[in-house]
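Chemist: Can you read through this structure? Questions will come right after.
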Amino acid sequence: MIDHEHIWHPYSAMNSELPVYEVESANGVHITLKDGRELIDGMSSWWCMIHGYNHPKMNAAIEQQLKKMSHVMFGGLTHQPAIELTKQLLEITPAALQKIFYSDSGSVAVEVAMKMAIQYWHAKGQPEKQRFISLRSAYHGDTFAAMSVSDPDTGMHKLFKDAVAQQIFIKQPISRFNEACHKQDIDELEKTLKKHANEAAALILEPIVQGAGGMWFYSADYLKHAKRVCEKYNILLILDEIATGFGRTGKLFACEHADIAPDIMCIGKALTGGYLSLAATLTTNEVSNTIDHGDPGVFMHGPTFMANPLACTAALTSTKLLLASNWKENIKKIESQLKVGLEICNNFETVNEVRVLGAIGVVEMKQPVDMKSITEAFVNAGVWVRPFGKLVYLMPTFIVSQEELNKLITAVVNTLKQHIK
Ligand code: PMP
């Protein structure tokens, strides 16, 4: 009752008819509801819980850190969890990225990236370079700058269109993953970046997978061209790896599909294995040195919970767990099982297309699904799957067994067969 009367849930109305299930506990790939029902998690709690819930090594590391300190301010102080995490991230992210700014959520990491780009050009004596180029169907978060580079019409930020900075949008790439980049995509990049070279601070992209804006997988070659065209017209490249980072697409970071490095990169979500909220914005020596030498000579951001020691410990432990696991093989196995299992949905009249990449399996419907009936159907089938709009998708934890994934796939196939006429 308290929940229904007083607590807002993500993207929901207070008087919503949609069910909200109370969770008692979660372990491995299972979420246990208060009423005792056990659900196999197909969402990794919005794509972050890669090693599953209640992981003994994660728990132990966090408990140990808790006994030392849960938090300490980062202004003028530092600590081992931040130092060790930084060493680890420097090893696994593109070599050009040498400086790291920690923040508390993906959206904030995007804000930080955009501020870095603006401060960089300001320090370079080109303060007119303040705008950003983004893609149609992009999604970069819910805060104001992040909203401004998310699709202004089709995204969830339509309402705020006139309240946010007006950015420049390129058509969504038509070149699919595993295809060479189509000429019309290259032309669009060239044309737009050339036209706005004098006012654009950066091009911001979700590499390979456009996530919450439509689960679209595009060509790695497109990314290569984006990098080339950015260099040609003196525009920074920001890659938002918040959803794609830490193995989800089959590479540790999605930019590796194209063998490119951005000037600025955002990571979050699976950074802490889903345990605590932490994000980071990474950049090059060139960007950070330029900011240092500009006016006011400091980078203007500093959140209260910057580099929170518990979150840094979770991130370090999660990243080490991932690197020590057979993540590449696991994800390949998950990918082939998703491909084989979801394929049949292509035969359903209500389905537009099935797409699979790495540990992401998407069934795009022709019409938006009815959230109430589909959520209930999934829960009754013993799985936790939360579609949005026309997209019914699976993003399982990396520890999901063949049998558990089979249960998730079967639930999606049967539910789509039965519930959507
Ligand atoms: N960028 C991308 C690509 C995302 O998918 C998300 C979250 N879905 C964000 C940014 C925002 O992250 P957060 O919800 O942690 O603010």
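Chemist: Rounded, prolate or oblate: pick one for region 209-356, where a ≥ b ≥ c are the square roots of the eigenvalues of its C-alpha gyration tensor, a/c under 1.5 means rounded, and failing that, prolate if a/b is larger than b/c, else oblate. Please report the intermediate quantities before stating the final value.
Modeler: Details: a/c = 2.33, a/b = 1.46, b/c = 1.60.
Verdict is oblate for region 209-356.
Chemist: Something else: In region 345-359, whose amide N lies under 17 Å from the spot 7 Å out along Cα-to-Cβ of LYS339? List them in ranges.
Modeler: 345-346, 354-359
Chemist: When a/c is below 1.5 the answer is rounded, else prolate if a/b is larger than b/c, else oblate, so apply that to the chain with a ≥ b ≥ c taken from the square roots of the Cα gyration tensor eigenvalues. Numbers along the way, then the final one.
Modeler: Numbers: a/c = 1.65, a/b = 1.24, b/c = 1.32.
It comes out oblate by the Cα gyration axes.
Chemist: Can you sort SER44, SER219, SER12 from fewest to most other Cβ atoms within 10 Å of each residue's own Cβ?
Modeler: Working: SER44 26, SER219 22, SER12 12.
Ordered from fewest to most neighbouring Cβ atoms within 10 Å, SER44, SER219, SER12 come out as SER12, SER219, SER44.
Chemist: Given an 8 Å cut-off on Cα distances and at least 6 residues of separation, report the relative contact order of region 277-417 as a percent.
Modeler: Value for region 277-417: 19 percent.
Chemist: By how many nm would the segment from ASP3 to LYS161 lengthen if fully extended, with 0.36 nm per residue of separation less the alpha-carbon distance?
Modeler: On the way: separation 158, 0.36 × 158 = 56.88 nm, distance 3.05 nm.
Extra length available between ASP3 and LYS161 comes to 53.8 nm.
Chemist: Nearest 0.05, what FRET efficiency do ALA180 and GLU353 give at R0 = 22 Å with Cβ-Cβ as r? Please list the in-between numbers first.
Modeler: Details: r = 20 Å, r/R0 = 0.93.
Calculated value: 0.60.
Chemist: Here is a further query. Can you show me the helix-derived [θ] at 222 nm for the chain, built from DSSP H runs with n ≥ 4 at -39,500 (n - 2.57) apiece and divided by the number of residues, rounded to the nearest 500.
Modeler: Values: 13 runs with 153 residues, N = 421.
When only DSSP H runs of four or more count, the value is -11000 deg cm²/dmol.
Chemist: Using the basic label-point model (7 angstrom from Cα toward the beta carbon), what is the ASP35 to THR154 distance in nanometres?
Modeler: Placing both labels 7 Å along Cα→Cβ, they lie 3.6 nm apart.
Chemist: Evaluate the relative contact order of the chain (contact order divided by residue number), counting alpha-carbon pairs under 8 angstrom at least 6 apart; express in whole percent.
Modeler: For the chain, the relative contact order is 21 percent.
Chemist: Now for a different question. With a ≥ b ≥ c the root eigenvalues of the C-alpha gyration tensor of region 271-421, is it rounded (a/c under 1.5), prolate (a/b larger than b/c) or oblate?
Modeler: Numbers: a/c = 2.50, a/b = 2.03, b/c = 1.23.
Prolate, because a/c is 1.5 or more and a/b exceeds b/c.
Chemist: Another one. What lysines sit close enough to LYS57 to cross-link, taking a C-alpha to C-alpha distance under 19 Å and skipping anything fewer than 8 places away on the same chain?
Modeler: LYS67, LYS68, LYS269, LYS320
Chemist: Separate question: Checking understanding here: applying a Kyte-Doolittle mean of at least 0.5 and a length along the axis of at least 20 Å (C-alpha), which whole DSSP H helices in the chain pass?
Modeler: Working: long enough: 106-123 (25 Å, 0.59); 309-324 (22 Å, 1.27); 327-342 (22 Å, -0.68); 402-419 (25 Å, -0.41).
For the chain, where a helix must reach 20 Å along its axis and average at least 0.5, the hits are 106-123, 309-324.
Chemist: If you don't mind, another one. Can you flag which of LYS171/LYS224; LYS333/LYS407; LYS333/LYS390; LYS87/LYS227 are past 20 Å Cα-Cα? Intermediate values should be presented prior to the final figure.
Modeler: Details: LYS171/LYS224 17 Å; LYS333/LYS407 15 Å; LYS333/LYS390 26 Å; LYS87/LYS227 26 Å.
Over 20 Å apart, Cα to Cα: LYS333/LYS390; LYS87/LYS227.
Chemist: Additional query: Between TYR102, TYR218, TYR21, where does the largest GNM mean-square fluctuation fall for the chain, given springs only between Cα atoms within less than 10 Å?
Modeler: Greatest mean-square fluctuation among the candidates belongs to TYR21.
Read-outs throughout are calculated quantities, based only on the coordinates presented, and are distinct from any laboratory measurement. As the structure is a computational prediction, the values presented were derived from the model and not from experiment. Cβ atoms come from the backbone with ideal geometry, glycine included; neighbour counts cover every protein chain shown.
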